C-alpha cells in the first residue's frame, strides 16, 4: 500500500512539472503568435484555457505537495507551490498581455520548482 501511495505521489509531481512546462510553452508561443501575426488570439488566449490550467495546478499541486509534507515533514515545497499558484491566479485577474504572461511564467516556475524539490526529497 505504501509503495502504491508513493508511486501515485511521484506521478502527480512529475505531472505537475510537465504541466508547468506546457503552460510556459503555451504562454510564450501564444504571445509570439498573437503579437507577431495577430493569429489565434481567440483560441490561444481563451480564458477557459487559463482557468482550467489553474484548476489543474491547484488540484495536482496541493495533493502531491501536501502528500510530500506528510511524508517528509517539510512544508517548503508546498509553500513554494502555493506562492506559484497565487501568481498564476493573479495572472488571470490582470487580463491578457505581457503582465499576464510574466505572472504565469513566474508562477509555473515556482510550481515546477516545488514539484522537483518534492521529488528529490522522496529519494
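Computed quantities for the displayed model
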quantity: Residues satisfying the stated conditions in the stretch 68-81, i.e. surrounded by fewer than 18 Cβ atoms within 10 Å (Cβ to Cβ) and in a helix (DSSP H, G or I); calculated: 69, 70, 71, 72, 76, 79
quantity: Cross-chain or 6+ apart pairs with Cβ under 9 Å, the stretch 1-14 first and assigned to a helix (DSSP H, G or I), then at pLDDT below 70; calculated: 6/122; 9/122; 10/122; 13/122
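Residue by residue, here is whether (1) modelled with pLDDT of 80 or more; (2) closer than 26 Å to residue 119 by Cβ holds:
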| residue | (1), (2) |
| --- | --- |
| 7 | no, yes |
| 28 | no, yes |
| 42 | no, no |
| 45 | no, no |
| 52 | yes, yes |
| 75 | yes, yes |
| 82 | yes, yes |
| 85 | yes, yes |
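The values are calculated or read from the model by the stated rules, or taken from the named source; none is laboratory data. Just so we're clear, the structure is a prediction, and the values are computed from it rather than from any experiment. Cβ atoms come from the backbone with ideal geometry, glycine included; neighbour counts cover every protein chain shown.
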